[in-house]
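The values are calculated or read from the model by the stated rules, or taken from the named source; none is laboratory data. Just so it is clear, the structure is predicted and the values come from calculations on it, not from any experiment. Counting neighbours? That spans all protein chains shown, and the Cβs are built from the backbone with ideal geometry, glycine included. Calculation scope for accessible area: heavy atoms of the full protein, side chains included, ligands and nucleic acids excluded. Shrake-Rupley method; radii C 1.70, N 1.55, O 1.52, S 1.80 Å.
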Amino acid sequence: MDVYFDNNATTKVLPEVAAAMLPFYTEHYGNPSSIHRFGSSVGEQIAEARTQVAALIGAADPVEVIFTSCGTEGDNAAIRGMLEARPDKRHIVTTKVEHPAVLGLCQHLEKKGYRVTWLNVDENGALDLAELDAALTDDTAVVSIMWANNETGVIFPIDQIGAMTRAKGIPLHVDAVQAAGKIPVKVGELPIDLLTISGHKFHAPKGVGALYVRRGITFSPFLIGGHQEKNRRAGTENVASIIGMGNAAEIALGRVAEDSAALTKLRDRLQALLLESCPDSRVNGAQEPRLPNTVNISFRYLEGESVLVLLDQQGICASTGSACTAGSSEPSHVLRAMGVPADWLQGAVRFSLSRFNSAAEVNYVNEKMPSIVQRLQGFSALGRLGDQPRSDGGVRASTLGARG
Ligand code: PLP
């Protein structure tokens, strides 16, 4: 059985979405900026997709939606756009648990001379809102905080965060890449100024995303060149993918409540079964509101990468949730920020589900998991009896003769 439980990495493109895209490669291939009929008819379809995406995120006006190439571009465009529009301000506020699209950019900006406040999270992954409030100053150009964490699924209280930034007149950018399509997102009703989404997280293709910029926000474009997207994002539009994202957005909006209820049930069943069947396991981030599809489980003394290798041999695809470098897996910056103890830190595995998963797949994973954990825990115990234990307590994949 092949089981795909890595939907926070990317999702399957819906067949109806792929079908809607195809004519835009072979028949309606005009450039939407062209005046002739081949162009203008495509322009109308892009306008329709913009309306569909605006509806998914609850934007008051489709003009607030700018199409981008991915979530990473949206995050970069939002933060850099605010810095450029407010050149007198040199301070950014973000969190220690952001996706690398925000984290890496802010580290880069720090090297360039910006001051960055990195907000902490507690052991459950929750922010301290008093720390946020204290960090906001007259010099703060932008606050960038994710809606839902890609590794743990933990959801931040964006309404309260927005109330604080709005009270001080500081623009708030929200990375909603993992939230859109999974939980209701009503940006028009919240004190959010910019919001990033990415199509491939909700069954649209890879290579297309959108950035919401609230009307009235002064925004400097990241990509400069042609006049596309009302001078806010230069470059000929990725038409077929934009049409695909529009379709996927409409489908996701129509199903978000139903899918969320079904996924919560499935995810909770997976979580309960694995905690029961695998000794020395715990959930990271369970005490906070979470995305319905995500569970992050640590197996004590193990290395997540080794678990993944053995899971893959059984046809099960999951993730450690953190970037792996050749030969060694860096412990997750998210779990480190949560203060996950050393003996649990390396052994994290993220299971992220979609509407295409079933109870039979959950049962299959639960059937396979205990023997994998037992096998690795045997190696781990041997390792701890023998050589000096590693400071992080993990067992390397190489111990198993596996990749590494
Ligand atoms: N932000 C979050 C929270 C993500 O999970 C991801 C992708 O995993 C991104 C940004 C980057 O999105 P993309 O892969 O479309 O560049």
Exercise. Ordering Glu288, Glu48, Glu305, Glu123 by how much accessible area each has at a 1.4 Å probe, largest first, what is the list?
Worked result: Glu123, Glu48, Glu288, Glu305
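Could you give me D for the range 1-95, from Stokes-Einstein at 10 °C and 1.306 mPa s, where the hydrodynamic radius is the Kirkwood radius over C-alpha pairs? Units µm² s⁻¹, please.
Answer, rounded: 94 µm²/s.
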Seminar exercise, completed: Residues whose built amide H sits under 5 Å from the amide H of Thr11, excluding neighbours closer than 5 in sequence, are His203
Problem set entry | Unit charges at the beta carbon, dipole of the chain: most positive-side option, Pro370, Ala179, Ala18 | Ala18
Problem set entry | Three principal axis lengths of the range 204-250 [C-alpha, angstrom, descending] | 29, 22, 14
For this session: Please express the Cα-Cα pair-distance distribution P(r) of the range 96-231 as a list of whole percents, one per 5 Å bin, running from 0 to the bin with the greatest distance.
Result: 2, 9, 18, 22, 23, 16, 8, 3, 0, 0
Exercise. Residues of the range 279-306 with amide nitrogen under 13 Å from the 7 Å Cα-to-Cβ point of Ala342?
Worked result: 301
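Would you calculate a helix-derived [θ] at 222 nm for the chain, using -39,500 (n - 2.57) for each DSSP H run of n ≥ 4 and dividing by the full residue count, to the nearest 500?
Working: 13 runs with 165 residues, N = 404.
Result for the chain, helices only: -13000 deg cm²/dmol.
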Seminar exercise, completed: Over the chain, with neighbouring protein chains present, the accessible area per residue in Å² at probe 1.4 Å is 41
Exercise. Tilt of helix 359-385 relative to the longest C-alpha principal axis of the chain, in degrees (0 to 90, nearest 10)?
Worked result: 50
Exercise. Per-residue HN-Hα couplings for the range 22-27, Karplus 6.51 cos²θ - 1.76 cosθ + 1.60 at θ = phi - 60°, whole Hz, x for Gly and Pro?
Worked result: 3, x, 7, 8, 9, 10
Exercise. So what are the ³J(HN,Hα) numbers for the range 293-298, from phi and the Karplus equation (6.51, -1.76, 1.60; θ = phi - 60°), rounded to whole Hz, Gly and Pro as x?
Worked result: 9, 10, 9, 10, 10, 9
Exercise. Per the Kirkwood treatment, what hydrodynamic radius in Å, one decimal, follows for the range 183-285 from the mean inverse distance over all distinct Cα pairs?
Worked result: 17.0
Seminar exercise, completed: Which of Thr236, Thr72, Thr196 fluctuates most in a GNM of the chain (C-alpha springs under 10 Å)? That residue is Thr236
For this session: Obtain the radius of gyration and the Kirkwood radius of the range 1-160 from its C-alpha atoms and give Rg over Rh.
Result: 1.05
Exercise. With each label point set 7 Å from Cα along the Cα-Cβ vector, what nm distance links Ala360 and Gln287?
Worked result: 3.9
Exercise. Which angle from 0 to 90°, rounded to the nearest 10, does the C-alpha axis of helix 37-57 make with the longest principal axis of the chain?
Worked result: 50
Problem set entry | Unit charges at the beta carbon, dipole of the chain: most positive-side option, Ala234, Ala126, Ala9 | Ala234
Exercise. Any idea what % of Cα-Cα pairs in the range 257-311 are farther than 12 Å?
Worked result: 69
Exercise. In a Debye calculation with equal point scatterers on the alpha-carbon sites of the chain and no solvent, what is log10 I(q)/I(0) at q = 0.09, 0.12 Å⁻¹?
Worked result: -0.57, -0.96
For this session: Give the residue from Ala261, Leu335, Ser322 lying farthest towards the positive end of the charge dipole for the range 255-383; charges sit on Cβ (+1 for Lys and Arg, -1 for Asp and Glu) and the dipole is referred to the Cα centre.
Result: Ala261
Exercise. Lys96 to Asp139: FRET efficiency via 1/(1 + (r/R0)^6), r the Cβ-Cβ distance, R0 30 Å, to the nearest 0.05?
Worked result: 0.90
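Which entries in the list Lys168/Lys201; Lys111/Lys206; Lys186/Lys206 go over 27 Å, if you measure between the two C-alpha atoms of each?
Values: Lys168/Lys201 33 Å; Lys111/Lys206 30 Å; Lys186/Lys206 23 Å.
From the list (Lys168/Lys201; Lys111/Lys206; Lys186/Lys206), the Cα-Cα distance tops 27 Å for Lys168/Lys201; Lys111/Lys206.
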Seminar exercise, completed: For Glu330 and His227, extending 7 Å from Cα along the Cα-Cβ vector and measuring point to point gives, in nm, a value of 4.3
For this session: In whole angstrom, note down how far apart the Cα centers of the range 252-270 and the range 1-69 are.
Result: 24
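Report the full-extension gain for the segment Arg37 to Glu276: residue separation times 0.36 nm, less the Cα-Cα distance, to one decimal in nm.
79.8 nm
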Exercise. Taking the simple approach of a point 7 Å from Cα along Cα-to-Cβ for both Cys317 and Glu258, what is their distance in nm?
Worked result: 2.5
Exercise. Could you give the angle, 0 to 90 degrees to the nearest 10, between helix 304-313's Cα long axis and the longest principal axis of the Cα atoms of the chain?
Worked result: 90
Problem set entry | Cβ charges +1 (Lys, Arg) and -1 (Asp, Glu), total dipole of the range 1-77, debye | 200
Problem set entry | the range 124-192 - convex hull of the alpha-carbon atoms, volume per residue in Å³ | 86
For this session: Calculate the dipole size of the chain relative to its Cα centre from +1 charges on Lys and Arg beta carbons and -1 charges on Asp and Glu beta carbons; express the result in debye to the nearest 20.
Result: 360
